[in-house]
Amino acid sequence: MIELPEEFDLKANLGYLERNKNECMYEVENDTITRVIAIDEIPTLVRIKVNDSNQMVVHFLKGKPQETIDVVQYIREWFDLDNDLTPFYQMAKTDPFLKMTVEKFYGLRLIGIPDLFEALCWGVLGQQINLSFAYTLKKQFVEKFGESIDWEGKKYWIFPSYKRIAKLTPIDLADIKMTVKKSEYIIGIAQLMASGELSKEKLREAENFKEVEKSLIKIRGIGPWTANYVLMRCLRFPAAFPIDDAGLINAIKTLLNMDRKPTKEEILKISIPWRNWESYATFYLWRVLY
């Protein structure tokens, strides 16, 4: 049982989770989420519901982690439950770009990707393509190289481990409709993680946000957009800001009724009030588009 913060709305979060039918990492049905959570490579199938007392109830369906608390912590991180959103809402209610969006989606948390390898892969897969095609690629990648748990006639997938992907070559990924470059980037990231050179723990040891951003950008295939996407959704830096994100640009364009894309300078000016909440502002503006 997880006590939920007051600023949590189930419908708002399920609306985000259900945004694409090709999502393969969880299933949402009758306001209930079913997914596999792997801790230290030990998979556990869980079912998550929210009761009338604003508590998240977690049922363990198959498999058992060494420590139940680790699964609970994963869920807390997934939904960013330990973050006090009061200052964000206070700021957003007076901001012309965020006011209507936070009213409409109040209680939406910045739903994350706690696993670093999954977050990096999702960032690489999403480069320079639309969201729908990115989901198609992820589904192909997961179903080809991931493992699964069977439950009541359905398969629930586990994201491929970096240990497995590190042993592959781009030829092994040829059936997936991504570019050879993306295949090389993903394998390279997996090899960095397998060698111990790259890890979530090592990145968190950095002194500040900019240092972590620079560390990520040094990795082949990771530019500023991908770095900030991972900083935002995995490493949870509130100032992470994928300013070149197509969704963010289009949301601002829509809200301003512009017949052109806003420039980077215009976005920087608009975002001045969002300081240290850029990641949440971006996440909410994404919701304008779907």
TODO: Rounded to the nearest 0.05, what FRET efficiency do PHE133 and ALA12 give with R0 = 22 Å and r taken as the Cβ-Cβ distance? Could you check?
DONE: 0.30
TODO: Divide by every residue of the chain the summed helix terms, -39500 (n - 2.57) for each DSSP H run of at least 4, and state the resulting mean residue ellipticity at 222 nm, rounded to the nearest 500 deg cm²/dmol.
DONE: -12500 deg cm²/dmol
- [ ] Return the FRET efficiency for the residue pair LEU289, ASN22: r is the Cβ-Cβ distance, R0 is 22 Å, and the value is rounded to the nearest 0.05.
- [x] 0.80
Task: Gain in span if fully extended, LEU168 to GLU266, counting 0.36 nm per residue against the direct Cα distance - done: 31.0 nm
Open item on the list: Computing the accessible area with a 1.4 Å probe over protein heavy atoms, can you report the carbon and sulfur percentage for region 160-201?
Closed with: 55 percent
TODO: Run the dipole for region 150-238 about the Cα centre, Lys and Arg Cβ at +1, Asp and Glu Cβ at -1, nothing else charged, and hand back the magnitude in debye, nearest 20.
DONE: 140 debye
Open item on the list: Could you compute the net charge surrounding PRO114? Neighbours are other residues with a C-beta less than 15 Å from the C-beta of PRO114; K and R count +1, D and E count -1.
Closed with: -2
- [ ] With a 1.4 Å probe and every protein chain left in place, tell me how much accessible area TRP151 has, in Å² to the nearest 10.
- [x] 70 Å²
Task: Carbon and sulfur %, accessible surface of region 44-101 computed with the full protein complex present, 1.4 Å - done: 50 percent
Task: Added length on full extension, which subtracts the Cα-Cα distance from 0.36 nm per residue, SER148 to GLU67 - done: 27.1 nm
Open item on the list: Net charge around LEU235, counting only other residues with Cβ within less than 15 Å of its Cβ (Lys, Arg = +1; Asp, Glu = -1)?
Closed with: -4
TODO: Send over a whole-number figure in Å² for the accessible area per residue of region 80-172, probe 1.4 Å.
DONE: 47 Å²
Task: Shape metrics for region 101-245, restricted to C-alpha atoms - Rg then Dmax, Å - done: 15.8, 48
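The values are calculated or read from the model by the stated rules, or taken from the named source; none is laboratory data. What you are looking at is a predicted structure, and each value in this text was computed from that prediction instead of being measured. For neighbour counting, all protein chains shown are included, and Cβ atoms are generated from backbone atoms with ideal geometry for every residue, glycine included. Keep in mind that these areas ignore ligands, DNA and RNA; they rest on the heavy atoms of the full protein, side chains included. Shrake-Rupley method; radii C 1.70, N 1.55, O 1.52, S 1.80 Å.
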